[in-house]
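Okay, structure first, notes after.
The values are calculated or read from the model by the stated rules, or taken from the named source; none is laboratory data. This is a predicted model, so every value here is computed, not measured. Virtual Cβ from ideal backbone geometry, glycine too; neighbours counted across all protein chains shown. Side chains are part of the model used for accessible areas, which takes the heavy atoms of the whole protein and leaves out ligands, DNA and RNA. Shrake-Rupley method; radii C 1.70, N 1.55, O 1.52, S 1.80 Å.
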Amino acid sequence: MSAKLNKLEEMLQPVVEGLGYEFWGLEFRSQGHHSKLRVFIDSEHGISVDDCEKVSRQVSGVLDVEDPIQTEYTLEVSSPGMDRPLFRLEQYEAFAGHQVQLRLRMAFEGRRKFQGLLKGIEGQDVVVIVDDHEYLLPFDAIERANIVPVFE
């Protein structure tokens, strides 16, 4: 995670948790005037639009005062959803046994994309089984990871 994202997380996590929600993670997509800061929140009881609005007001106030992002951006607060992104090692561990889709920053054994069964973690590696082959993927090499929803 970049230093900028670490700083944003350190600034915003206490705000979200102070309102009684779980801070799931954040993304910043820099796209000129269309940049977006997305803050993911969660709760045992699910997340409503009112929850997102409440957190958005507080987070927006902190961002206005601290001004950590020098470009124009849009703030979005949302639930992680069924295809929830994974940001921290403990989240990978908690979702062991689920299908996961991963994209690496650089190719590993000739590929960047993996989809398979999330087995868990070993040290700083994420263990994924793809087509009966077990991969140990370095956590720091993962660019993006999402749970693949299963509908039965």
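Here are the numbers:
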{"item": "Single unsatisfied condition, G61 versus (1) within 20 Å of the chain's Cα centre (by Cα); (2) in a helix (DSSP H, G or I)", "result": "(1)"}
{"item": "Complete set of residues in region 124-152 that are touching a Lys or Arg at 6+ places or on another chain (Cβ under 9 Å) and either of a type in the set (D, E) or more than 17 Å from A96 (Cβ to Cβ) (or both)", "result": "E134, D140, A141, E143, R144"}
{"item": "Residue check, F108 under 20 Å from L137 (Cα atoms) and open to solvent by 40 Å² or more (accessible area, probe 1.4 Å)", "result": "yes"}
{"item": "Residue match in region 133-152 (condition: out of contact with any strand residue (DSSP E or B) (no Cβ under 7 Å at 6 or more places or on another chain) and at positive phi)", "result": "no"}
{"item": "Selection from region 72-87 of residues that are of a type in the set (D, E, K, R) and either surrounded by fewer than 13 Cβ atoms within 10 Å (Cβ to Cβ) or free of Cβ contacts under 8 Å to residues at least 60 places away in the same chain (or both)", "result": "E72, E76, D83"}
{"item": "Residue ID - farthest from H33 (Cα to Cα), chosen from residues in region 64-109 that are within 12 Å of the chain's Cα centre (by Cα) and among the aromatic types (F, W, Y)", "result": "Y92"}
{"item": "Hey, E27 surrounded by 11 or more Cβ atoms within 10 Å (Cβ to Cβ) and either touching a strand residue (DSSP E or B) at 6+ places or on another chain (Cβ under 9 Å) or over 21 Å from Q70 (Cα atoms) (or both) or not", "result": "yes"}
{"item": "Search result, residues across region 31-71 that are surrounded by 10 or more Cβ atoms within 10 Å (Cβ to Cβ), without any contact (Cβ under 8 Å) to a residue 12 or more places away in the chain and more than 23 Å from F87 (Cα to Cα)", "result": "R57, G61"}
{"item": "Residue, modelled with the lowest pLDDT, within region 33-47, restricted to residues that are closer than 26 Å to A145 by Cβ and not in a strand (DSSP E or B)", "result": "H34"}
{"item": "Meets criteria (of a type in the set (A, V, I, L, M, F, W, C), modelled with pLDDT of 95 or more and assigned to a helix (DSSP H, G or I)) for V55", "result": "yes"}
{"item": "Total residues in region 74-98, condition on the phi < 0 side of the Ramachandran plot and part of a loop (DSSP other than H, G, I, E, B)", "result": "11"}
{"item": "Hits in region 113-141 - residues which are in contact (Cβ under 8 Å) with a residue 24 or more places away in the chain, open to solvent by 80 Å² or more (accessible area, probe 1.4 Å) and assigned to a strand (DSSP E or B)", "result": "Q115"}
